[in-house]
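Participant: Sharing a structure with you now.
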Amino acid sequence: MKHKILQPDFIRRLEKLSLLSKKVFAGKVQSLRRSSHKGYSPEFSDYRSYEQGDDLRYIDWNIYARLEKLLVKLFVAEEELSLNVLVDNSKSMCCPNDNKLIYAKKVAAALSYISLSNLDRVGISTFSQSLNVRVMPSRGKRHFFTCLHHLDEVGQETTTDINKALIDFANTMNRPGVVVIISDFFDPAGYERGLNYLIYKRYDVNIIQLVSPEERDMDLQGDLRLTDVETGDYIDVTMTEKLTKMYQKEFSALCKGLETFCLKRGITYIKTVTDVDFEELILRYFKVKRLVKSK
């Protein structure tokens, strides 16, 4: 590997965590997690009245013989989570002074290890103007090295089309699960259609917005030529204190708009600046935001 994305001591601390999901995704293979939701599994929980379409194998025929009522056995559901991490590797994530992509890779690797330690399935995709190379969901700690190799090889691409990438992702997966999108969300076309489509397809959607200190606290002065790193378009401006304050106001509004959009739709929204200690983000702040929990 070119880079040591995660340190061994930190990896050992990740084994004490597990991924949280706002939804239950029933699966055939038992994981290390147990849900209080009702579903079919070997451990009996309760009864409910039969409804058309229920599996006849789960009707309690002894009760029917005594009471002439069709009751279906309920069991404690076993959750089998499938985590898909989508990493934005467009050019805006690779600014020379603060490479957000490196930070995004570390977050993706940490979440992957947490899930694989709990026998969840993990898949990783990258995206820019479309969905790029993918690691299909699989389980087992050996799969972690496949994920690391993929992340290590990821380089910068071109422009961003978040809507197309998210819709393409949802249409290529066989079943819903937990999806974590790591991006700066700098896309003039927006993100609304893509995120709404993931919700429509029943994904548990989580967003991690990465910004750099320079983007948050831009304080440029004088005559400048500002160039869009993705399109190459530029504008000549004279940066004044008033113009800087206008930028900062617009930047705050962009982030607040994304947060509001997420809150209204039940999407977990996490914003972090890349000068925030990475391990602190995973071990403390992710717990606060209910993305992970201690075992």
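Participant: Suppose we filter ARG48, ARG134, ARG34, ARG57 for residues that are modelled with pLDDT under 90 and under 18 Å from LEU19 (Cβ atoms); which single one remains?
Facilitator: Answer to the check: ARG34.
Participant: A further question on this structure: Yes or no: region 178-191 includes at least one residue that is in contact (Cβ under 8 Å) with a residue 60 or more places away in the chain, more than 16 Å from PHE127 (Cα to Cα), in the same structural domain as VAL87 (by TED's automatic domain parsing) and part of a strand (DSSP E or B).
Facilitator: yes
Participant: Going by the conditions given, is TYR269 surrounded by 13 or more Cβ atoms within 10 Å (Cβ to Cβ), in contact with a Leu (Cβ under 7 Å, 6 or more places away or on another chain) and closer than 21 Å to THR160 by Cα?
Facilitator: Taking the combined requirement at face value, the residue satisfies it.
Participant: Take region 199-224 and flag every residue that is in contact with a strand residue (DSSP E or B) (Cβ under 7 Å, 6 or more places away or on another chain) and more than 19 Å from ALA108 (Cα to Cα).
Facilitator: ILE199, PRO213, GLU214, ARG216, LEU220, GLN221, GLY222, ASP223, LEU224
Participant: If you go through region 280-293 one residue at a time, how many are surrounded by fewer than 16 Cβ atoms within 10 Å (Cβ to Cβ) and out of contact with any Ser or Thr (no Cβ under 9 Å at 6 or more places or on another chain)?
Facilitator: Of the residues in that region, 3 qualify.
Participant: Run down ASN89, ASN84 and say which single residue is touching a Gly at 6+ places or on another chain (Cβ under 6 Å), closer than 29 Å to LEU195 by Cα and either crowded, with 18+ Cβ neighbours inside 10 Å or at pLDDT 90 or above (or both).
Facilitator: It is ASN84.
Participant: Which of the following residues is at positive phi and of a type outside the set (Val, Ile, Thr): PHE251, PHE185?
Facilitator: PHE185
Participant: Moving on. If only one of GLU279, GLU250, GLU259 is in the same structural domain as SER183 (by TED's automatic domain parsing) and in contact with a strand residue (DSSP E or B) (Cβ under 7 Å, 6 or more places away or on another chain), which one is it?
Facilitator: None of the other options fit; the residue is GLU259.
Participant: For region 156-173, does any single residue satisfy the condition of being surrounded by fewer than 20 Cβ atoms within 10 Å (Cβ to Cβ) and more than 30 Å from THR260 (Cβ to Cβ)?
Facilitator: no
Participant: Are there helices (runs of 4 or more DSSP H) fully within region 60-177 with at least 2 residues that are within 28 Å of ASP275 (Cβ to Cβ) and among the acidic types (Asp, Glu)? List them.
Facilitator: In region 60-177, the matching helices (runs of 4 or more DSSP H) lie at 142-153.
For every residue, the table says whether it meets (1) within 13 Å of the chain's Cα centre (by Cα); (2) among the basic types (Lys, Arg).
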| site | (1), (2) |
| --- | --- |
| ALA253 | no, no |
| LYS256 | no, yes |
| GLU259 | no, no |
| THR268 | yes, no |
| PHE278 | no, no |
| LEU283 | no, no |
| VAL292 | yes, no |
| LYS295 | no, yes |
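Participant: Within region 203-225, how many residues turn out to be out of contact with any Ser or Thr (no Cβ under 8 Å at 6 or more places or on another chain) and exposed (fewer than 13 other Cβ atoms within 10 Å of the Cβ)?
Facilitator: Final tally of qualifying residues: 2.
The values are calculated or read from the model by the stated rules, or taken from the named source; none is laboratory data. Just so it is clear, the structure is predicted and the values come from calculations on it, not from any experiment. Neighbour counts are summed over all protein chains in view; Cβ atoms, including those assigned to glycine, are modelled from backbone coordinates with ideal geometry.
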